[in-house]
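K.L.:
Take this structure, written in structure tokens, and hold onto it; I'll ask about it next.
The values are calculated or read from the model by the stated rules, or taken from the named source; none is laboratory data. Predicted, not measured: the structure shown is a model, and the values here were computed from it. Quick reminder, even Gly has a Cβ in these numbers, built from the backbone with ideal geometry, and neighbours come from all protein chains shown. We work out accessible area using only protein heavy atoms, side chains counted, and drop any ligands, DNA or RNA first. Shrake-Rupley method; radii C 1.70, N 1.55, O 1.52, S 1.80 Å.
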Amino acid sequence: AGLSVLFLVVYGSCNWITARSANVGTLYFQWERGIPFVPFFILPYMSIDLFFIAPPFVCRTDRELSMLIKRIAAAIILAGICFLVFPLRFAFPRPHADGSLGAVFDWFRGMDAPYNLLPSLHAALTLILLDIYLNQLRGFIRVAVMIWFVLIALSPVLTYQHHVIDIVGGFFLAMLCLWLFRWPDFRSLPDGSKPNNGSPRL
């Protein structure tokens, strides 16, 4: 809940400030104009919200939850600073999507101004959340989640929410946060297992 509030305050404030700035520029590759709008990717794009609220119930220790909170909070704050220092807007017209899902997506985009692009918080959170799920899941479910996260990573470009450079920047932001708040080195343990770094969360 706290991270959601932080996201709404930082993201919304940056959007509001940038919308009132003059001459907000764009940054994209010309070949991106050939990228199609794919309505199917609305589903993986919006599904990240479910993956965002689930980790508190997935993390098995207080240490894991604390690590996740620090990583996401750092990503939100650092991205907000970048949005204000280097404001950008999306360069292309955003097409209308048909159907009930398209109506929900159009409503969402009506509230989300085409700013706050570089680095993509969507991409940063995708990588940060994926790290948590990969540590917790096994077998077929783990593979299925990995495949779905690939679709989530592609979705901002294929739904005209971000340019490619924004996604690259978001991944770099995620790697920085993963490095700043990283797990201890477990290779020194003879059995390769993780030590008990936090009390189990019941």
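K.L.:
Return yes or no: is Leu50 among the hydrophobic types (A, V, I, L, M, F, W, C), surrounded by fewer than 17 Cβ atoms within 10 Å (Cβ to Cβ), touching a Leu at 6+ places or on another chain (Cβ under 7 Å) and in a helix (DSSP H, G or I)?
P.N.:
no
K.L.:
Let me ask another. Examine the range 12-24 for a residue that is more than 21 Å from the chain's Cα centre (by Cα) and either closer than 22 Å to Phe171 by Cα or surrounded by 18 or more Cβ atoms within 10 Å (Cβ to Cβ) (or both), and state whether such a residue exists.
P.N.:
No: zero hits.
K.L.:
While we're on this one: If you go through the range 1-11 one residue at a time, how many are open to solvent by less than 60 Å² (accessible area, probe 1.4 Å) and either of a type in the set (S, T, N, Q) or outside any helix (DSSP H, G or I) (or both)?
P.N.:
Going through the range 1-11 one residue at a time, the tally reaches 1.
K.L.:
Please work out if Leu151 is assigned to a helix (DSSP H, G or I), in contact (Cβ under 8 Å) with a residue 60 or more places away in the chain and surrounded by fewer than 20 Cβ atoms within 10 Å (Cβ to Cβ).
P.N.:
Values: assigned to a helix (DSSP H, G or I): yes; in contact (Cβ under 8 Å) with a residue 60 or more places away in the chain: yes; surrounded by fewer than 20 Cβ atoms within 10 Å (Cβ to Cβ): yes.
Here the answer is yes, as Leu151 does meet what is asked.
K.L.:
Against the definition (open to solvent by less than 40 Å² (accessible area, probe 1.4 Å), at pLDDT 85 or above and in contact with a strand residue (DSSP E or B) (Cβ under 6 Å, 6 or more places away or on another chain)), how does Leu158 come out, yes or no? Quick ask: steps written out before the conclusion?
P.N.:
Details: open to solvent by less than 40 Å² (accessible area, probe 1.4 Å): yes; at pLDDT 85 or above: yes; in contact with a strand residue (DSSP E or B) (Cβ under 6 Å, 6 or more places away or on another chain): no.
No; evaluated as a whole, the condition is false for this residue.
K.L.:
Report whether or not Arg63 is in contact with a Gly (Cβ under 7 Å, 6 or more places away or on another chain), part of a helix (DSSP H, G or I) and either open to solvent by 40 Å² or more (accessible area, probe 1.4 Å) or more than 20 Å from Trp16 (Cα to Cα) (or both).
P.N.:
Details: in contact with a Gly (Cβ under 7 Å, 6 or more places away or on another chain): yes; part of a helix (DSSP H, G or I): yes; either open to solvent by 40 Å² or more (accessible area, probe 1.4 Å) or more than 20 Å from Trp16 (Cα to Cα) (or both): yes.
Against the criterion (in contact with a Gly (Cβ under 7 Å, 6 or more places away or on another chain), part of a helix (DSSP H, G or I) and either open to solvent by 40 Å² or more (accessible area, probe 1.4 Å) or more than 20 Å from Trp16 (Cα to Cα) (or both)), Arg63 qualifies.
K.L.:
Suppose we keep only residues that are aromatic (Phe, Trp, Tyr) and closer than 19 Å to Pro36 by Cα within the range 75-116. Which one would you say is surrounded by the most Cβ atoms within 10 Å (Cβ to Cβ)?
P.N.:
Start the filter on the range 75-116 by keeping residues that are aromatic (Phe, Trp, Tyr), which leaves 83, 86, 90, 92, 105, 107-108, 115.
Right, trim to closer than 19 Å to Pro36 by Cα and you get 90, 92, 105.
Values: Phe90: 18, Phe92: 14, Phe105: 21.
Filtering first and then ranking leaves Phe105.
K.L.:
Of all residues in the range 25-39, which are touching a residue at least 40 places away in the same chain (Cβ under 8 Å) and open to solvent by 80 Å² or more (accessible area, probe 1.4 Å)? Give the steps one after another, and end with the answer.
P.N.:
Taking the range 25-39 and keeping what is touching a residue at least 40 places away in the same chain (Cβ under 8 Å), we get 25-29, 32-33, 35-39.
Answer for the range 25-39, where residues must be touching a residue at least 40 places away in the same chain (Cβ under 8 Å) and open to solvent by 80 Å² or more (accessible area, probe 1.4 Å): Phe29, Arg33.
K.L.:
Out of (1) part of a helix (DSSP H, G or I); (2) under 27 Å from Phe37 (Cα atoms); (3) without any contact (Cβ under 8 Å) to a residue 24 or more places away in the chain, what's the single condition that is false for Pro56?
P.N.:
All conditions are met except number (2).
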